[in-house]
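The values are calculated or read from the model by the stated rules, or taken from the named source; none is laboratory data. From a predicted model like this one, the values you see are computed outputs, not experimental measurements. Backbone-built Cβ (ideal geometry, glycine too); neighbour counts: all protein chains shown. Side chains are part of the model used for accessible areas, which takes the heavy atoms of the whole protein and leaves out ligands, DNA and RNA. Shrake-Rupley method; radii C 1.70, N 1.55, O 1.52, S 1.80 Å.
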Amino acid sequence: NDLLMRAPTVSKLLEKGHFETLFVVAAKGMDESSRYSLMMRVLGNREGLAQLAAAGKMPMLLKMLAELPGGGQRDSLIHRAVTASGFLDAVVESGQLESLLQHVDAIEHEGVRRSALASVFGSPTVLVALARREQLQIVFDRIEKEQDSSLTQRCLQTLVYNPLGRPILADGKIADQCVTLLKHTDESQRVGFLRMFANNSSLRQAWVAAGK
């Protein structure tokens, strides 16, 4: 199983078309703890995740995540996945974001589910991908549904402070939704966000041009 932690090994297996077979054989017959450990090792391999995405194997990986027996371990593993370096990049690259969100929604523990959602919707990679497809309303609808301050703040922090998020924020089409998010943030956080708005002339100009 330790072979699956090695990116060169993963690359060779993908080239030969054997990775999925080896993965299934390695997981078959394992107890829950061993399967959990195996999946954790795979998730810890950033280069391997990128190679899985490039080879179109992310649906297989997500399926194995979802099928892990035991709600607590499965929830923990999906949460670990969305925080693993390179995982969300691989998911977006392979077009599996909607599938991932379904798995996140299936997390039984509310706190774990909300934390996972914050990781997904606070990801610059995810927000950029949704913005390109004009699907950011998915994020705003979910934030409205969850009414969770940490989820709101993570999304706003990415939009306001991350270099990849600022061009999204400059789109006047989401101005109203962003103002709504600001109204639901903690006052101390809101002051920092508003200060950034006030000091960003290009953002102000973009919103004014959009009639906001």
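Out of everything in the range 103-116 that is part of a helix (DSSP H, G or I) and either of a type in the set (Asp, Glu) or open to solvent by less than 30 Å² (accessible area, probe 1.4 Å) (or both), what residue ends up being farthest from residue 63 (Cα to Cα)? Checking each candidate, the answer is 110.
Contact annotation: residue pairs with Cβ atoms under 6 Å, 6 or more positions apart or on different chains, pairing a residue in the range 35-49 that is over 14 Å from residue 23 (Cβ atoms) with a partner that is small (Gly, Ala, Ser), are 46/85; 46/86; 47/7.
Considering only the range 72-94, state which residues are open to solvent by 20 Å² or more (accessible area, probe 1.4 Å) and either free of Cβ contacts under 8 Å to residues at least 24 places away in the same chain or not hydroxyl-bearing (Ser, Thr, Tyr) (or both).
Hits for the range 72-94 are 72, 73, 74, 79, 80, 89, 92, 93.
For the criterion of being open to solvent by 70 Å² or more (accessible area, probe 1.4 Å) and within 22 Å of residue 62 (Cα to Cα), residue 144 fails. Out of 59, 8, 69, one residue alone is modelled with pLDDT under 75 and under 20 Å from residue 104 (Cβ atoms). It is 69.
Entry remark, the range 120-151: residues being polar (S, T, N, Q) and closer than 21 Å to residue 84 by Cα number 3 in total.
Scanning the range 54-71 for residues that are of a type in the set (D, E, K, R) and either loosely packed, with under 14 Cβ neighbours inside 10 Å or touching a Leu at 6+ places or on another chain (Cβ under 7 Å) (or both) turns up 63, 67.
For the range 169-199, a residue qualifies if it is open to solvent by less than 30 Å² (accessible area, probe 1.4 Å) and farther than 22 Å from residue 130 by Cβ, and exactly one does: 192. Only a single criterion out of (1) open to solvent by less than 30 Å² (accessible area, probe 1.4 Å); (2) at pLDDT below 90 is not satisfied by residue 100, namely (2).
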